[in-house]
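What follows draws every value from the coordinates through simple rules; no lab data is involved. What you are looking at is a predicted structure, and each value in this text was computed from that prediction instead of being measured. Virtual Cβ from ideal backbone geometry, glycine too; neighbours counted across all protein chains shown.
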Amino acid sequence: MDTTDLILGLIFSSIGVGYFIYGRKQSNIVMRYCGIALVLYPYLVTDTLALVAVGVGLMLVPRFVEI
């Protein structure tokens with residue numbers, strides 16, 4: 001792993017923890033699952049560009065999807 005991947009993984013995982021906590025308190029299932037995905041996906045993605053693209057995509061999902 002590169003240092004950039006580690007820093008980006010830390011940033012997106014921290015945002016994911018925030019999404020998860022907010023989703024749990026507000027009973028928002030989409031926000032909660034996006035938070036879990038943001039925490040877990042940096043372990044699976046190795047390309048830096050894909051890491052950023054997937055992270056930004058997961059951060060935008062709760063904005064456009066409501067259940």
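Å³ per residue of the Cα convex hull, for the stretch 17-67?
61 Å³
Suppose every K and R has +1 on its Cβ and every D and E has -1 on its Cβ; what is the size of the dipole of the chain about the Cα centre, in Debye to the nearest 20?
Computed charge dipole of the chain: roughly 400 debye.
Among Val30, Thr48, Leu58, which residue has its Cα furthest toward the positive end of the charge dipole of the chain, with +1 on Lys/Arg Cβ and -1 on Asp/Glu Cβ?
The residue sitting farthest along the positive end of the dipole is Val30.
What is the chain's relative contact order, in percent, from Cα pairs under 8 angstrom and six or more apart in sequence?
Computed over the chain, the figure is 35 percent.
Could you state the angle between the C-alpha long axis of helix 48-64 and the longest principal axis of the C-alpha atoms of the chain, as a value from 0 to 90 degrees rounded to the nearest 10?
The answer is roughly 10 degrees.
How far is helix 3-26 tilted off the main Cα axis of the chain, in degrees rounded to 10, range 0 to 90?
It is inclined by approximately 10 degrees.
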